[in-house]
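The values are calculated or read from the model by the stated rules, or taken from the named source; none is laboratory data. Quick caveat: nothing in here was measured; it's all calculated off a predicted structure. Here the Cβ is made from the backbone with ideal geometry for all residues, glycine too, and neighbour counts use every protein chain on show. All accessible areas refer to the heavy atoms of the entire protein, side chains included, with ligands and DNA or RNA removed. Shrake-Rupley method; radii C 1.70, N 1.55, O 1.52, S 1.80 Å.
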Amino acid sequence: MSESAQLEDGDSGTDEIEELVDEANMEMDVDAVFETYDANSDGRIEHSEYVEKHKDEVEGGGISAVIDRLLDDSPELRGQRLWVMFALSVLLVAAMNAYAMVREPELVLIEDLVQHNNEVVSVEGVVISWVEDPYSSGDNRVDIIIEDETGVAELRWYRYGDIPMLGTKVTATGDVIEYEGRIWLQALGGGALSWNDADTPEAAEIGISTIAANPEAFLGQTFTLTGYLSKSVNPESTFTALYLGDHPEYGNSEHQMRMVIHSAPDQWLESGQKVEVTAVVQYEQRELRWSIHTQGPEIRIVRTHEPVPTTIGWSNYESWSFSSNNLVKLVGEISQGDVMSEDGTLAVCLLNAGDISGLEGQTKSITGRLSWSDSKGMWCIDVGSNTDSGLGDVMGAEDMLNQLASNPADSLEHIANGTQFNITGVISGSTLMKNDGDTKVIIANAPYPNTLSKFDAYIPLGMYSGWLEDGQEIAATVTLQWNENPPELQLNVVNLNFIGNQPSPNSYDLTDGPPEFYDLNKMTSITGNLVTIDNETYLQKEGGEQKIRINVASNSIYESNSENQGKTLKWTGRLIEMADDITLAHYYVLDGADVTDENGNGIADDAEDV
C-alpha cells in the first residue's frame, strides 16, 4: 500500500470518530419536545397528548392500535384494558397447553434416559414386573419395570389406570427424574402407559418340568402353568416370593420353581393349594437363579384340589411360626374363650368363634388360620376365615395316638385292664412283613413334617404279607404294652385296615447324590436311560454320568414293546441297598423296576409324549 493511501485512510477514520463525539456531546432540546406534546402547558406529557399528535397512525388500526389502547391510562379505559389483558393471558395459557398436548414426546432408548433429565420422553419395552403401593403406605401408585434391548427402567405411576399382563410390549411416557444417582420415569394419571391387543403375549400352557429342563429357551416368554403353592398368601400382600411345585407336599415334589407375585391377589391363597398361573420366565442375576413372575389377578385357584390343613400340636409349640397364616388343625380344651393345652400351660385365643360359652371344658378339634396377635401377645386361630373352619368334635380314633402319648400314667392303667383302642394313623417307613414272627412297624399320627406322636407297633404273623409302604393310611384296633428295653409304650395290633389309595412313589434325581437312610426301601421313581456296562444294567442320567443299578421287573412293560427302548423314561421300583461280599462295599439298586403305562397300550407314558 502507498504512503498516500495510508494517509487518506487515517484522515477518514479521524472524521468518523469526531462525528461520534459530536453526537455524544449533543444536548437534547427539551423545550422543543414540550412545545410539541404538552398541549395544556402543565409541564407533563400525557399519553393522550402524545396520541393526539399521532392519531392518524392509530386510526389505521392493527396491532399498534390495540397496544395503544392498552397503554392508555384514561380512567374510562382502565376496565376494558384489564379484560383485554386477562383474555390475552387465557389465550396464551391455552395455546401453551394445546402445544404441550399436540407435541409428541421424544421416543428414546432406555440407556439414553440420563441425557433427558427433567424432560418428558417415551420409552418402548416389555413389562417384566410391577408392584402396587411398594411401601404399603396407602399410596395410589404402582412401580412398573420395563425392559428394552438396551436396559431396564422404572416407571413410577401415580393415580394409575389399567395395567397389562407381564410380557406385554408397552409405550411408557413420563418425566425423567434423577436423584442421588438413581433415574426413573414419573407419571401422573391416565395416558402414561399404552399398548395394543397385539402387544399382549399369548400364554401357552406348559409344565414346570419342561421349563426346568431348559429354562434359557423360555427366557422372557409368558406361559400358563399349573402347580401347588408352597405357602399361604395374604389377600392384601403386594409382593410375595414363594415356590410353585408339581406336588402339594414338598418332599414329593420333583420340581419347584421360585415364583414372585407383584400385586395383591385379593383372596387368600393357601399353602398346598392348586393354582393356574400366567407368568413370565426371568433370570434373577442377583440371586443366580431362574424364576417366574406374575400378578395377583393372574393366579386362578383350581377347585378340584382342596388344601389340607396342617396339623399342629402342643408338643411342637416352638415351631408354630412355620405355620403362621396357614390353615391349621389343633386339638385342645375350651377354657374362657381360649383353647388350652391339657396341662394348662399353653393357650391359643379364638377369633370369630362367636358364643362358645356352652362348650366350656370340652375338648374340640379347632380348624382355622393361625396368626400371631400383637395386642394379646399370643397365637390365635381365626375359625371364621375359611368356610371349612370351625370347632369340631374330636373323633376317638382320629386323635387317640396323641392322647395315648400325652397321658402315660392313664395309659399304664389301660395296660392292666387290657383296654382296646381304635386308632388312625400312617405307616412311617416302608417295612417288609416277616414270615417267621411278628413284624415291628412304626405308626405315626400324621406324615412328616406334621408328626406329633408315633409308636412302635407289632403286627402278628399272618395278618398281612408283603410290604407296608411309607405313608400308607391305616385304621387299626390296638392294645398297649410296656417294654422295658427300651423303656417305652408299644402297640399290639389286633386288627388292621388300609384307608385310601397306596402312597405315591418318592421322586429321586440322580444328581442329588447318594440316597439318605430314610430314602431306602421305599417305592421310588427315577428318570434316566438304560445302559449296560460290564454286563450290569444301569439307569443313567440323561446327558450326565450319574447312574444307579437297576433290576428290571420280569415281564415288564418296557420289554413288551420296542417303542419303549432307547428313550429317557421314568422308572419306578424299590430303592434298596445291597452289599458286595467281594469288594466289601455297598451299592444301591432300583429293584423290580418298570415304566408306567396308564392306558394299557404297552407303550410307556413317557414314550408316548416323545
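Points worth noting:
- For region 398-447, a residue qualifies if it is under 19 Å from Lys522 (Cβ atoms), in a loop (DSSP other than H, G, I, E, B) and of a type outside the set (A, V, I, L, M, F, W, C), and the qualifying residues are Ser428, Gly429, Ser430, Lys434, Pro447.
Here is a yes/no grid of residues against (1) assigned to a loop (DSSP other than H, G, I, E, B); (2) over 34 Å from the mean Cα position of the chain (by Cα); (3) among the β-branched types (Val, Ile, Thr):
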{"residue": "Asn521", "(1), (2), (3)": "yes, yes, no"}
{"residue": "Ile526", "(1), (2), (3)": "no, no, yes"}
{"residue": "Val531", "(1), (2), (3)": "no, yes, yes"}
{"residue": "Glu545", "(1), (2), (3)": "yes, yes, no"}
{"residue": "Thr572", "(1), (2), (3)": "no, no, yes"}
{"residue": "Leu575", "(1), (2), (3)": "no, yes, no"}
{"residue": "Ala579", "(1), (2), (3)": "no, yes, no"}
{"residue": "Gly592", "(1), (2), (3)": "no, yes, no"}
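- Region 594-610 - residue that is among the hydrophobic types (A, V, I, L, M, F, W, C), under 38 Å from the mean Cα position of the chain (by Cα) and open to solvent by less than 70 Å² (accessible area, probe 1.4 Å) and, of those, farthest from Trp571 (Cα to Cα): Ala607
- The criterion of at least 2 residues that are more than 18 Å from the chain's Cα centre (by Cα), surrounded by fewer than 14 Cβ atoms within 10 Å (Cβ to Cβ) and not hydrophobic (A, V, I, L, M, F, W, C) is met, among strands (runs of 3 or more DSSP E) falling completely within region 144-243, by 169-179.
- Test: Ser465 is open to solvent by less than 50 Å² (accessible area, probe 1.4 Å) and either among the aliphatic types (A, V, I, L, M) or at pLDDT 85 or above (or both): no
- Beta carbons closer than 9 Å, at least 6 apart along the sequence or on distinct chains, pair a first residue in region 202-215 that is under 16 Å from Val280 (Cβ atoms) with a second that is acidic (Asp, Glu) and exposed (fewer than 15 other Cβ atoms within 10 Å of the Cβ) for Glu205/Glu276.
- Of all residues in region 463-511, those being outside any strand (DSSP E or B) and of a type in the set (A, V, I, L, M, F, W, C) number 2.
- Breaking point among (1) in contact (Cβ under 8 Å) with a residue 40 or more places away in the chain; (2) under 20 Å from Ile301 (Cα atoms), for Glu254: (2)
- Test: residue in region 324-332 that is of a type outside the set (Asp, Glu), buried (at least 19 other Cβ atoms within 10 Å of the Cβ), more than 32 Å from the chain's Cα centre (by Cα) and under 16 Å from Trp379 (Cβ atoms): yes
- Tally of residues being open to solvent by 20 Å² or more (accessible area, probe 1.4 Å) and closer than 12 Å to Ala457 by Cα across region 432-442: 3
- The set of residues in region 90-144 that are modelled with pLDDT of 90 or more and touching a helix residue (DSSP H, G or I) at 6+ places or on another chain (Cβ under 8 Å) comprises Val108, Val121, Val123, Gly125.
- Single residue of Asn501, Asn445, Asn483 found to be on the phi < 0 side of the Ramachandran plot and without any contact (Cβ under 8 Å) to a residue 24 or more places away in the chain: Asn501
- Against the test of being in contact with a strand residue (DSSP E or B) (Cβ under 6 Å, 6 or more places away or on another chain), closer than 21 Å to Met259 by Cα and among the hydroxyl-bearing types (Ser, Thr, Tyr), the options Thr294, Thr310 yield a single qualifying residue, Thr294.
- Counted residues, region 334-361 - those being open to solvent by 70 Å² or more (accessible area, probe 1.4 Å) and either touching a residue at least 60 places away in the same chain (Cβ under 8 Å) or not charged (D, E, K, R) (or both): 5
- Residues of region 448-458 that are part of a loop (DSSP other than H, G, I, E, B) and open to solvent by 60 Å² or more (accessible area, probe 1.4 Å): Tyr448, Pro449.
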